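Input: a single structure, listed below in structure tokens.
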Amino acid sequence: MPYLLALVLSVSLLSGCQSAYYSAMEQVGVHKRDIMVDRVEEASEAQQDAQQQFTSALDALKALNQFDGGELEAAYNSINDQYEDSVDAADKVSSRIAAIEDVADALFVEWQEELDLYSSAKLKRDSQAKLRSTKASYQTMLSAMHRAEQKMAPVLDTLRDNTLYLKHNLNAAAIGSLQGEFNDLQRDIQRAIKDMETAISESERFIAQLKKA
């Protein structure tokens, strides 16, 4: 029970902090819509960074597969660095998506509540229609982002497995036994990159629609 209470309080405090943040930003002329655009753009940038990092990790494993002598410790360190950088890149993507969801919830609640303030039925209907279409576009974008996010997990799993195996088996035979992992990693990275490209395209479409709404 104490843990549950602490969790509820933490969520409440976070929610309160976010509400205060949005209110403060509006005081200086930065509205939730503007914050939403910024956060979607930041998520797209994070996905582009993740694409580059995963490609770099693939190149490192490719170089490892061509290992024909040298410092085994250096080979391990290279793969370990790529794994840690890939985890950081994936975490950044996830945090950017969470930030989008937070401001989207606040924006759509505010938009819905403000519909009751209209005295013009025509303008209210128009705003309602734009809210529905914006929500639909948002859900399409968010689904694409989550699909891409999920595709990163197999990449990280393979990189982690390779790193752990090398850590405890620093010999040429161990490197040879990892060659079979390369094709799986290449396939998983290609899938992740493809889904991230789709998510980035959906982000661009959503931003264009939001700016017109």
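The values are calculated or read from the model by the stated rules, or taken from the named source; none is laboratory data. In this text the structure is predicted, and so the values were computed from the model without any measurement. As a convention, Cβ positions derive from the backbone with ideal geometry for all residues, glycine included, and neighbour counts pool all protein chains shown. Only protein heavy atoms, including side chains, enter the accessible area calculation; ligands, DNA and RNA are left aside. Shrake-Rupley method; radii C 1.70, N 1.55, O 1.52, S 1.80 Å.
Summary of computed values
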item: Search result, residues across segment 197-213 that are over 14 Å from residue 149 (Cβ atoms) and either open to solvent by less than 20 Å² (accessible area, probe 1.4 Å) or not acidic (Asp, Glu) (or both); result: 201, 205, 206, 207, 208, 209, 210, 211, 212, 213
item: Qualifying residue in segment 60-83 (condition: open to solvent by less than 30 Å² (accessible area, probe 1.4 Å), touching a residue at least 24 places away in the same chain (Cβ under 8 Å), over 30 Å from residue 169 (Cβ atoms) and not basic (Lys, Arg)); result: no
item: Test: residue in segment 71-93 that is of a type outside the set (A, V, I, L, M, F, W, C) and under 30 Å from residue 211 (Cα atoms); result: yes
item: Residue tally, condition part of a helix (DSSP H, G or I), surrounded by fewer than 10 Cβ atoms within 10 Å (Cβ to Cβ) and not hydrophobic (A, V, I, L, M, F, W, C), over segment 112-131; result: 3
item: Set 95, 137: member being under 14 Å from the mean Cα position of the chain (by Cα) and of a type in the set (Ser, Thr, Tyr); result: 95
item: Out of 137, 94, 86, sole residue that is more than 17 Å from residue 44 (Cβ to Cβ), among the hydroxyl-bearing types (Ser, Thr, Tyr) and open to solvent by less than 50 Å² (accessible area, probe 1.4 Å); result: 86
item: Qualifying residue in segment 87-110 (condition: in contact (Cβ under 8 Å) with a residue 12 or more places away in the chain and of a type in the set (Phe, Trp, Tyr)); result: yes
item: Matching entry among 189, 175 (being under 29 Å from the mean Cα position of the chain (by Cα), under 30 Å from residue 72 (Cβ atoms), open to solvent by less than 50 Å² (accessible area, probe 1.4 Å) and at pLDDT below 95); result: 189
item: Number of the exception - residue 101 against (1) closer than 30 Å to residue 166 by Cα; (2) surrounded by 13 or more Cβ atoms within 10 Å (Cβ to Cβ); result: (1)
item: Near pairs, Cβ below 7 angstrom, 6+ apart or cross-chain, from segment 153-170 (within 16 Å of residue 60 (Cα to Cα)) to any residue that is among the hydroxyl-bearing types (Ser, Thr, Tyr); result: 155/86; 156/86; 159/83; 159/86; 160/83; 163/83; 166/76; 167/76
item: Selection status of residue 20, at pLDDT 85 or above and open to solvent by less than 30 Å² (accessible area, probe 1.4 Å); result: no
